[in-house]
Every structure is written in C-alpha cells, then in structure tokens.
Amino acid sequence: MVGRILFAWYKGSSLDCDCKRWRLFADVLNDTAICLDLIIPTFSRPMIRLIICISGVCRAVLGVAAGATRAALTQHQARRNNMADVAAKDGSQETLVHLAALLISLVMIPLISENATLVWTLFVLCTTLHLYANYRAVSEVTMEIFNQARYHNVVEHYLSWGEILTVKEANRQESVTLGLRRPVKLHYGASLLSIATRLEQLSALEKVYEESKYLLSIDKQLSAVSIVLHEEVATVEELEVLFQAEVLFFILRDKRGLVWKTAWPMLLHACQSHEKATSVSELLHFSRDFTRSHFSLFVKMASAQGYLTHIAQLGSDEWRAVWNADSCQS
C-alpha cells in the first residue's frame, strides 16, 4: 500500500502525458514480479522475505501505472465520446485472454512442471514475446494531443526545416522507453520566487512579457530554464511559452563539429552569435521576439496537420501564480 501511495504521489501527474511510456513500464514490472516469484525456491528463508517484498512493491506500482494508463488510452480510443463502450469491450477482451491462458495452463502445467529447464525456456520466450508485442503496440498509438516529447519533436523540426511533422511522424519519434532529454533543465510550472526574489526582477520580466499569462527566465549559467504560469493561463499560452523555451534549447544545444541547420535566417544568426558570446538578456529577448513572429504561423500549420491546440498534456508542476506591478503572490 505504501508503494502505491508513494508512486501515485511522485509520478501521478506524468501518467497522463506519458501514458505510452508508463504503459510499457507497467508491463515490464509485471514480468519482473513473475520472474521474482519463479526464483524464490532457489533462495534461503531470509532472502525469500526480501524477494516477496520486492515482488509486492512491483505489483503495487504496476497496479497504479496500469490502471491509470489504461484510463488514458481508453479516453484516447473513445473517438465518438463512447468511453464506457470502449472500456467494456477492453474488459471483455482481457477476460477472454485470461480464459484462454487458463485453459492452456491446465494442459501445459502437468507436462512441464517437472522440467525446470523447459519452464524457464518457455518463460523467457513468452516474456520476450510479451514485451516486444507491448512495445510495438504502444509505439503504434497515435495521439493528436501534444505532450512535451511530441511538442519538442514538432517544434525542433519546424525550427530546422520550416515544416510541421505529421501526427504519425511525431508519435513515431517519441521514445516509449526513455524520457525526453534536453540540453538544459526545464522547470515547467515553477514558483514565482524561483525566478524573482525582488520586485525589481519581477517588474523587469513583466516588461518583457507584458500582458502574457506566463513568465520565462533562464539562469546566468545557461543551465536551466524556468517557466512560471499564471493561474488563468490558457492552453495556447502554455504552448506559446514552451515554443519560446524550445527556441532557447535550439540555440543552446551543443553542435560541436556540426553545421547549424535552420530554415530561419534570424535564428541561424542567433545560433552563430551564441557561439561567440551572447548575454542572457539578449537570448531572452531574441527568443521572445522570434516566438511572437512565428508562433501564430506554427499553430496554424500544426492545426492543419491535425494536431489539437486547444488541449494539451504538458505535465507542468502544480505551482500557479498571480502577479502585477504592485504585488505578487505564489
């Protein structure tokens, strides 16, 4: 129970936006728990207790991950707002699979239970097939809603080539095994105090972002980008500030030995300037100006490709803020 609670607290917010990766993670945990159960007879009593505990934790975590991601995937598959219908048929399919497994096990167990080599051979083969099938299954799920990984792939391609990846291409490029890797850290949904400890700093950021419902800041070491969201921020504004962040990542990423590839001359100039020397303020203002001039076109092109821009699953932290020239709270 403790394992379920801790996992839900620590990773609950990412189960929606990274449902494909966590679905595969749950399958891996399931097979790990089964493997631990099989090796129990080979250990002494003290070790058996430890292995049983580890197996129990695996099952507790996979219960949370599997249940949550199943709900997210069912919602995605309910194309006619028929989530109950899809869930019922998914449950029936699972029941049929379990029934088939029961019938097969009734026939096979008496034949192989005395042969440990055969048991392990079949377990390895079935586990490999199970993981491969689930990997292919989650890799083929095509979602039109942006999460951070798909949005990163689409924006990076746009900045490089001036084109929008199709929905299928963006989903194929999304990793279902590893998380998104960026050249610098991103604190998305940070607290206001993390970027502005004095009123002067807040006023300076407000001048840059004017009427926007977000603030973006980058530290002096160029190692972390922090985004503060207003409590009334809209989805399209979240996409806008992440677009600016991706422009910064595009400039800051390490290109040793490579030629810059971008469809936008002003962005190429910014990349070349950064290689020489560019202040934090200049980077911030350039990325803001570039976002203002290109984001509307980007959204139109993305919508034309079939992406949904009025909803998104971007996995921000829970901090929201209210700010104005006279007072601030977070």
Accessible area of the chain divided out per residue, in Å², using a probe of 1.4 angstrom:
57 Å²
So what is the relative contact order of the chain, in percent, for Cα pairs below 8 Å that sit 6 or more residues apart?
20 percent
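Using a probe of 1.4 angstrom, how much of the accessible area of the stretch 48-168 is carbon and sulfur, in percent?
On the way: 4880 of 7280 Å².
Here it works out to 67 percent.
Among the listed pairs 20/300; 11/300; 20/213; 168/213; 185/213; 20/185, which are separated by more than 25 Å between their Cα atoms?
20/300; 11/300; 20/213; 168/213
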Amide H partners (placed H, <5 Å) of residue 162, local residues excluded:
263
May I ask for the equivalent-ellipsoid semi-axes of the chain, computed as the square root of five times each C-alpha gyration tensor eigenvalue and listed largest first in whole Å?
45, 22, 21
Give a residue-ordered list of calculated ³J(HN,Hα) values for the stretch 213-223 (Karplus: 6.51 cos²θ - 1.76 cosθ + 1.60, θ = phi - 60°; whole Hz; x for Gly, Pro).
9, 7, 10, 10, 9, 10, 6, 5, 7, 6, 10
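Convex hull over the alpha-carbon atoms of the stretch 165-247: what's its volume per residue in Å³? Kindly include the intermediate steps, with their values, before the conclusion.
Values: hull volume 10.4 nm³, N = 83.
Residue-normalised Cα hull volume stands at 125 Å³.
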Mean Cβ count within 10 Å, highest first, over the residues of peptides 34-45, 294-305
294-305, 34-45
List the residues whose amide H sits under 5 Å from the amide H of residue 225, counting only those 5 or more places along or on another chain, with H placed 1.01 Å from N in the peptide plane.
185, 186, 187
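Counting every Cα pair in the stretch 1-114, what percent are over 23 Å apart?
Values: 3003 of 6441 pairs.
Looking at the stretch 1-114, the distances longer than 23 Å represent 47 percent of pairs.
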Measuring from the longest principal axis of the C-alpha atoms of the chain, the long axis of helix 2-11 (C-alpha) lies at a number of degrees, nearest 10, equal to 30 degrees
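If you average 1/r over every pair of different alpha-carbon atoms in the stretch 124-268 and take one over that average, what Kirkwood value in Å do you get? Walk me through the numbers before you get to the answer.
On the way: mean 1/r = 0.0571 Å⁻¹.
Computed over the stretch 124-268, the radius equals 17.5 Å.
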Mind checking the full-extension length gain between residue 93 and residue 114? Use 0.36 nm per residue of separation minus the Cα-Cα distance, one decimal, nm.
4.4 nm
Angle check, please: helix 265-276 long axis (alpha carbons) against the longest principal axis of the chain (alpha carbons), in degrees 0 to 90, nearest 10.
90 degrees
Crossing angle, helix 199-209 versus the chain [Cα axis fit, 0-90 degrees, rounded to tens]
90 degrees
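The values are calculated or read from the model by the stated rules, or taken from the named source; none is laboratory data. As the structure is a prediction and not an experimental result, all values here were calculated from the model. Positions of Cβ are generated from backbone atoms using ideal geometry, with glycine treated the same way; all protein chains shown enter the neighbour counts. What goes into the accessible areas is simple: the full protein's heavy atoms, side chains included, and nothing from ligands, DNA or RNA. Shrake-Rupley method; radii C 1.70, N 1.55, O 1.52, S 1.80 Å.
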